[in-house]
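No lab work stands behind these numbers, since they all come straight from the coordinates. Every value quoted in this text rests on a predicted model; they were computed, and no experiment measured them. In this analysis, Cβ positions are derived from the backbone assuming ideal geometry, glycine residues included, and neighbour counts consider all displayed protein chains.
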Amino acid sequence: MFIMEIRGFPIAFALMSRKTVKAYDSLFKRLLEIEPQWKPKTIIVDFERAVQMSIKTIFRNTNIRGCWFHSSQALWRKVGELGMIEMCNTNRNVYDIVHMLMALPLLPRDKLMEGFVSVTDFYVQNVQHHLSLENCNAFNRYFQYYKSTWLQGPNADILSVNGVIWRTNNVLEVSHQHLRMHMGNAHQPEPWVFLNGLIAYSSGLLADYNLAIDGIQIREPQRQFWIDHQRNLDLASRLLNEGRYSVMEFLACTKHVTPNFGVVRPPLFIQPIPEVQPVVENQIDAREFILQRWPIVNEQINILHLIHGLDDEDEEDIPRAQPTTPQIVHISLEDLAFEPIVSDKCYICQYSIPTVIASPCKHQGLCAPCHETYTRMPRYRNIPYYRCPLCRGEITTYYIIV
């Protein structure tokens, strides 16, 4: 299958009774006999060992890349084999760990192991102590499976799909589905049913090809859902390359673009936020306060002398309200109980999309890297910097959108 006008067109059909290295060698050699000048630049495979070995032998200069969807599908099948689907249905952190592992191939190849270690650290810190011994053992087997299958051996060389346009061979899978539809979705159709379906399917392909070479769009417009996913992935990749996202922050963002395989992400359990009590200051009558310190006298008084009469020791006796460290809550947009006031860009860098909400003012105006820097600003008179950069109001809680 080759790609033209963002549409896949099959170039050959092969009926194979087995999937061995020898069988694939015979297939590829036959294709080269038909078209000796065929030199594919990249071949996307579904991690089948035999086809990888055959491609390396027949097409020595061809780049082999794994299919991201097939790796995610294999991870989800392993979740079912280990009996972890119920955990994914009820525990959001467990669900996120599985999908962060699915998102690992989106990292550059040299950061795959770092990403894996970050995910296992997240598991130890946030999940392990909440699980039973049986579930912990299942997770340990899952992590061992991932490391031995995807980070070691031949799959490690073709796992990363970072920076490429075509991350899957889904166009081939869609082609197979259309072909089966022409054959009545039969698993092993009768020979004449197979031939008639193949002829009808090929006729449609030729018609689409003629439209494509004439510059006519033959593919349906991409859904907004996938456009948003691609935009979020592009942003996360750029921030990672700029050093503004850590590997863990990248995975926390890109886990949302992985397939869910029919399992919806569990809701986040949020502890009720205590009501913010107004600060009640001691209301002292100003006149009585002044008279207590400086009684009325008939002689003239130098006002500057009175002002400077407030020495440092007396000033220190006045109680001052100390700000409390804001609580940090990681939350998704759908779980927010209020409507934030969203800015188009981060207040500080004026570049990134804001993902941090200040409460109680509800201003969503900081990106994650700028928020981290902002909260580490130098202290002023030993008081931490806990004020909204827009309204200057005191902050009690930071909500970080995940």
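Table for the structure above
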{"item": "Point-to-point label distance, L206-N63, nm (Cα→Cβ direction, 7 Å offset)", "result": "3.4"}
{"item": "Set K22/K78; K255/K362; K29/K56 screened for pairs whose C-alpha atoms are more than 24 Å apart", "result": "K22/K78; K255/K362"}
{"item": "Approximate spin-label separation D157-E48, in nm, with each point projected 7 Å along Cα-to-Cβ", "result": "1.9"}
{"item": "Estimated FRET transfer efficiency when R0 is 41 angstrom, pair I341-F143 (beta carbons, to 0.05)", "result": "0.50"}
{"item": "Cα centroid separation - region 324-361 against region 53-116, whole Å", "result": "31"}
{"item": "Volume of the Cα convex hull of region 69-185, divided per residue and given in Å³", "result": "125"}
{"item": "Contour minus Cα-Cα distance for I199 and R231 (0.36 nm per residue)", "result": "7.6 nm"}
{"item": "Packing-based exposure ordering (other Cβ within 10 Å, fewest first) of V94, V247", "result": "V247, V94"}
